[in-house]
Each structure stands twice: as C-alpha cells, then as structure tokens.
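Read-outs: derived from the displayed coordinates by stated rules, not from any lab. This structure is a prediction, so every number in the text was calculated from the model and none was measured. Positions of Cβ are backbone-derived with ideal geometry, glycine not excepted, and every protein chain shown enters the neighbour counts.
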Amino acid sequence: MSEDRLDLGGLGLDRGGQLLLRRALAPLAAGSRLAVYGRDPHLPVHLPAWCRAEGHRVESPEPGQGPPPVAVVVRGARPDHRWHGAIRAGDPATGAVQRHPPARWGLAARGALLEGGGPEPHFDLDDRDLVWAEVAPQLYAYAASRQWDPATAVPWSEPFFLPPDIEAAVVQVMTYLVENEQAALVVPARFLGRIHPHFREVAQLLAVQVADEARHMEIFNRRALLRGGGLGTSSAGGRSSLFTLVEESDFSLSSFLLSVLGEGSFVNLLGFLQRYAPDPVTRRVAWLAMQDERRHVLFGVAHLANQASVDPTLLGRLRSAIERRHDALADTAGLNDDVFDALVLMAAGGWEPEAIAAGHERVRQLERDMDQGRRRRLERLGFPPDEAAALSALHTRNFM
C-alpha cells in the first residue's frame, strides 16, 4: 500500500512538529497512511500519544529498503476531532447579527468556529432589538477615525487676554461641563460589560464614547485652570439631576435620557459656546466636544428608533422615564444660577445694559433651540408633535 512521507528531521512534537504533522494529514482521506520519519529521541513515545488524542491510528512500519520510519500514521475518519459537532458563532459568510446570541458563544468572535465546552457567561443585554442599530458599524469606524489628542488638538499656547470677570464666567461654565461629562462617562461605562460580545460594534462604539467623555473632561478642566485660578461652583440641584442618569439601570431608558435628551441639548450648548467663546481655546474645546456629542446622539436615536419599530411598548416606557425623572427633580433648583449668569455674560461680552439684555436673550434662545431639538428627536422616535412638545418641556432645567 502506498504511503505519503513526512520527515520531521530533528524536530519533536514538543517543539512544533505537530504543526507539520497536522498539515501533512489535513489533505489525506480517512484510512490514508503517512510514514513519519524523524531523529528526535522522544518521537516514538510522543507520536502515538498525539495520534490517539487527535483520532488517528499508529502502525509499526513494515520492513523495507532504507531506514524505517518511526511509525506509520493512519488518517482518522474525522477531519479534526476537536471540532466534531462544533458550531459557528453566527454566519461567517454574511456576518449577519443574530437576534438572540446564546450564552455559550461567550467571548468568541462573531462567525468563529466554537469548540465544545467552555464557560457560558451571562450578558443580560443579549437582544439585538434592545442594543443594535444598523448604523453602528459605520458609526464606530467613523468615530475611531475621528479621535483627537487633547495635547495637540487645542491651541493651548495661543495668546489671549480676557477681563477677570469674563475669565471667571468661562471657568464657571467649564466647571459645569466637567461635572456633566463625568456623568456622561459613567453611564455608558456601566453597560459595557453587560452587552453580549456578539454585538461588538455597539460595545466598541460605547467604548469610544467613554474615551470621548474622558477627553472632554480633560480639555474642559484644563481650560478652566488655564489662567491659574480655581474651579467654579457645583450646585446640589445639578448633581441631583445628573445622579438620576447614573442610577438608571435600563439600557434603553438610560440611552434615551442621556443621549437623546441630555447630550442632544448639549450639542446646542456647545454650539452656543463656540459661537460666543471669548477666546480661541474655549472656542476650540467647544467645537471638538460638539463633534463627538453629535455621534453619541446619532447612535442613541438610531438604536431607539430601531427598538421602537419592533417594540410597541417602548414609547410608553420612554414617556414614563421622563415623567419619573421630572417628578424626582421637582424640588431641586435645576440649572446652577452661576452657570446661567456666566452664559449670559459670555454671550453679552460686557456689562453694558444693552449687552446684558442681548446676552440674556441669546441664552433664552439657546433654551428654545434645545427644546426644538428635543422635539425633533422625540418625533423621530415616533411621538406625535404635541406629545413631543409636552415631554420636551419636562426635561431637566440642568440641560443634561
């Protein structure tokens, strides 16, 4: 009977020889014979043990001309017994995202061939309709390409002069922004470990979002301290408002309150700060953060719109979440008065009565713009215009 040949030279199975052996056996049909030669002294012991583990058989070589092989391996019937009965973690051809990936897929890459056994970790956010949005892969790729370095993206050394009261107003607003961005970092970070790895682009997107917020905290804090002073004030009402976001444990409701309503309003605020910034550093940090926040809002709206299309109960739950938060904050003061006054002064640019009047009107217009933006996003999720207007009016006065 003809035999294929494999010469391992001095290579043993404990030093990589099994790679050559497995490669030589792979194209052979079941029952085919492979004569294995080699000089490693342990090969006569290691080769039969390896073959038993791999589902092959070893025969003693028949006498013949020339040096005899160490052994003859008879190819087993199974292509690779380790993967007998193995399943795929999804469709590798299409890459389709499954609706309910099982726990046994664990941390395997989507589409990978899974060996039997192993842990079955529990990820409670394992429903595609709960976390997925078709835009997630493209949005993650865009977000990853748009990362920036706080040290180089902002003109920290560009000279400028501000009157002390204008500088104090900027510091107060930056203090407020740091506080809000800390909450915006904590919220998505809490859900990262709960998302089934099958939905990897969503987890990647939230991880980038956390990184975004970390950079925002850095640049806002650095701008606040740029002139050597201390930070501004933090109101109890503002912290209470943010805590209602942090304590929300439902992924959909959290995304709705933070991204659709809060960060959506912050896009307007950052645009306002860019427009009325009294110095180039403030203008730049507002612009950089605004670009990131727009992505956060886009994903929040997209994944909730997807969920609303398959879950008729979602809008009722979103409505209740707004009402609960409004009731919980009914006795708080809302936006820090120091922040409101600082925004007015920044928009005014000076203390003349006419300038203050103009600054005050600009802040009121900002609030109207925030309201209009919330209404549009609520309507995008399926709320009728009148209900969207009523719900927008219940949003926290702290903006976030």
* Structure fact -> The helix 280-310 Cα axis meets the longest alpha-carbon principal axis of the chain at an angle in degrees, between 0 and 90 and rounded to 10, of 60 degrees
* Structure fact -> Note: Ser157 to Ala393 extended length (0.36 nm per residue) minus current alpha-carbon separation gives 80.8 nm
* Asked: Using 7 Å Cα-to-Cβ label points, what is the Gln98/Ala355 separation (nm, one decimal)?
  -> 6.4 nm
* To do: Would you pull out the residues with amide H under 5 Å of Ser32's amide H, same chain only if 5 or more places away, H placed 1.01 Å from N?
  => Arg75
* Between Thr233 and Ala214, how many nm apart are label points set 7 Å from Cα along the C-beta direction? -> 3.3 nm
* To do: Go through 127-134, 259-266 and give me the packing order, highest mean Cβ count within 10 Å leading.
  => 259-266, 127-134
* Structure fact -> Those chymotrypsin sites (Phe, Trp or Tyr not before Pro) from segment 313-400 that are DSSP loop and have at most 15 other Cβ neighbours within 10 Å turn out to be Trp351
* Asked: In a solvent-free Debye calculation with one equal scatterer on each Cα, what is log10 I(q)/I(0) for the chain at q = 0.07, 0.11 Å⁻¹, listed in the order of the q values?
  -> -0.50, -0.83
* Asked: Build a GNM of the chain with springs between Cα atoms under 10 Å: which of Glu201, Glu54, Glu293 gets the top mean-square fluctuation?
  -> Glu54
* Relative to the first principal axis of the alpha-carbon coordinates of the chain, what is the inclination of helix 337-348, with its axis defined by its Cα atoms, in degrees from 0 to 90 and to the nearest 10? -> 80 degrees
* Structure fact -> Diffing segment 365-373: the Karplus 3J(HN,Hα) column from phi (6.51, -1.76, 1.60, θ = phi - 60°), in whole Hz with x for Gly and Pro, holds 5, 4, 5, 5, 5, 4, 4, 5, x
* Asked: Relative to the first principal axis of the alpha-carbon coordinates of the chain, what is the inclination of helix 264-276, with its axis defined by its Cα atoms, in degrees from 0 to 90 and to the nearest 10?
  -> 60 degrees
* From phi via Karplus (6.51, -1.76, 1.60), per-residue ³J(HN,Hα) for segment 213-225 in Hz, x at Gly/Pro -> 5, 4, 5, 4, 4, 5, 6, 5, 5, 5, 5, 4, 9
* Subtracting the Cα-Cα distance from 0.36 nm times the residue separation, let me have the gained length for Asp91 to Leu19 in nm, one decimal. => 23.1 nm
* To do: Would you pull out the residues with amide H under 5 Å of Tyr37's amide H, same chain only if 5 or more places away, H placed 1.01 Å from N?
  => Leu6, Asp7, Leu8, Val70
* **Area projected by the alpha carbon convex hull of segment 4-81, averaged over all directions, nm²** => 4.7 nm²
* Just the number, please: percent antiparallel of the DSSP beta bridges in the chain, rounded to the nearest 5. => 65 percent
* Structure fact -> The orientation-averaged projected area of the Cα convex hull of segment 98-178, in nm², is 9.9 nm²
* Near the amide H of Ile87, under 5 Å away, which other amide H atoms are found, from residues 5 or more places off or on another chain, if H is placed in the peptide plane? -> Leu114
